[in-house]
1. Restricting attention to the stretch 67-83, report how many residues are open to solvent by 40 Å² or more (accessible area, probe 1.4 Å) and either among the small types (Gly, Ala, Ser) or part of a helix (DSSP H, G or I) (or both).
2. Would you check which residues across the stretch 198-224 are open to solvent by 10 Å² or more (accessible area, probe 1.4 Å) and closer than 28 Å to Gln4 by Cα and list them?
3. Output the qualifying pairs, or none if there are none: Cβ atoms under 8 angstrom, residues six or more apart or on different chains, first residue in the stretch 17-35 and on the phi > 0 side of the Ramachandran plot, second residue outside any helix (DSSP H, G or I) and not basic (Lys, Arg).
4. For Gln330, which of the numbered conditions (1) at pLDDT below 80; (2) closer than 27 Å to Arg132 by Cα; (3) open to solvent by 90 Å² or more (accessible area, probe 1.4 Å) fails to hold?
5. Considering each of Ile33, Ile45 in turn, give the residue that is within 14 Å of Ala87 (Cβ to Cβ) and out of contact with any Lys or Arg (no Cβ under 6 Å at 6 or more places or on another chain).
6. Find all pairs meeting these conditions: Cβ atoms under 8 angstrom apart; at least six residues apart or on different chains; first residue within the stretch 250-278 and closer than 28 Å to Ala238 by Cβ; second residue open to solvent by 60 Å² or more (accessible area, probe 1.4 Å) and among the hydroxyl-bearing types (Ser, Thr, Tyr).
7. Are any of the residues in the stretch 123-145 of a type in the set (A, V, I, L, M, F, W, C), over 29 Å from Tyr206 (Cα atoms), in contact with a Ser or Thr (Cβ under 8 Å, 6 or more places away or on another chain) and open to solvent by less than 40 Å² (accessible area, probe 1.4 Å)?
Amino acid sequence: MSAQYPQFKAAACHVASAYLDSTASAEKAVALIGEAARAGANLVIFPEGYMPGFPLWAALRAPIRNHELFKRIAAESVRIDGPEIGAVRAAARRHGVLVSLGFSESTEASVGCLWNSNVLIGRDGAILNHHRKLVPTFYEKLVWANGDARGLRVVSTEIGRVGMLICGENTNPLARYALMAQGEQVHISTYPPAWPTRPPGESAAYDLRRAIEIRAGAHAFEAKVFNIVCSAVLDRAARAILCDGDDALADIVERTPAGVSMVLDPTGSHVVEAHQGDETILYANIDVSACVEPKQFHDVVGYYNRFDIFRLNVDRSPRDPITFDAPAAQPIGGGDGPDFGSPDPDLREPAQPLRRTGT
């Protein structure tokens, strides 16, 4: 049987969260999934930490000033089997699209242990992959814990073989190679709305757009994949919470380079014009067959490598806080417990669509 190379339409939702409100963020995601599906999208992508929003305060103030905000993000972080993810899964199933969603994940094992996570949802609403960022970057360590490699996977889907990494993971050559070596064809990269490291104007200040361009181009070119980048947006409500009336913080947020969304082909070229700024949905038509020809030049998981010299081993063992040798006892009274995957019937479509960008 000859190889099949799908063609599909991707939608990168370059949008703001309903900041520190996971229920409202889920409602917005459901509406955007419907809008993108009506525009013909087969894959709908949301930014890093979309639910309930990226904890930018960790860069702006000393840790002793951020306890209340940490409590808020902990309270609004969600479970993979919770109703917020369940609503998004139901929307994916209803519209027959794949969905990639970034979220802050909580656990019943601890009220304060959170992960920077991403979930890939299938057209039938099934969870295809659940990835926790391997290492929180810089000040993110004040909010999120280390993940593990259980979600360092490439998934075979109707649109091709899909892998995903979160923000700075796209700088990790071994994490990227682990996806390349699983036959990745479509790569999803998610990013925050901004990433301040110094006061704006200093020569060493981090330029998130430039960093994304370098990383995204490198992975697209080296892996010979389509790289779909989706960054978040800070709206007025988020800025008000982050700055809390402090003009100096407002100036930092205003002048720090914002994230950018883009779609690159296997040569590293733009499929559509990149977008930085206000909310939009960035659309791009993708033909996976374009991944084949460039492999003739550099196939780093095939002939263009030396497996007699280099070896990579990935440990996918879950890093759980406790394991039990015997099955856990059933709750008194029996039953299967609450249905966390059922959709919220009150989720509604938006009255006005967002501006569209791309094809």
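1. 8
2. Listed by number, the residues that qualify are Gly217, Ala218, Phe221, Glu222.
3. Leu20/Pro52; Leu20/Gly53
4. If we test Gln330 against (1) at pLDDT below 80; (2) closer than 27 Å to Arg132 by Cα; (3) open to solvent by 90 Å² or more (accessible area, probe 1.4 Å), just (2) comes out false.
5. Going through Ile33, Ile45 in turn, just one is within 14 Å of Ala87 (Cβ to Cβ) and out of contact with any Lys or Arg (no Cβ under 6 Å at 6 or more places or on another chain): Ile33.
6. Pro257/Tyr206; Val272/Thr359
7. Checking the stretch 123-145: not a single residue is of a type in the set (A, V, I, L, M, F, W, C), over 29 Å from Tyr206 (Cα atoms), in contact with a Ser or Thr (Cβ under 8 Å, 6 or more places away or on another chain) and open to solvent by less than 40 Å² (accessible area, probe 1.4 Å).
The values are calculated or read from the model by the stated rules, or taken from the named source; none is laboratory data. Predicted, not measured: the structure shown is a model, and the values here were computed from it. For neighbour counting, all protein chains shown are included, and Cβ atoms are generated from backbone atoms with ideal geometry for every residue, glycine included. For accessibility, only protein heavy atoms count, side chains too; no ligands or nucleic acids. Shrake-Rupley method; radii C 1.70, N 1.55, O 1.52, S 1.80 Å.
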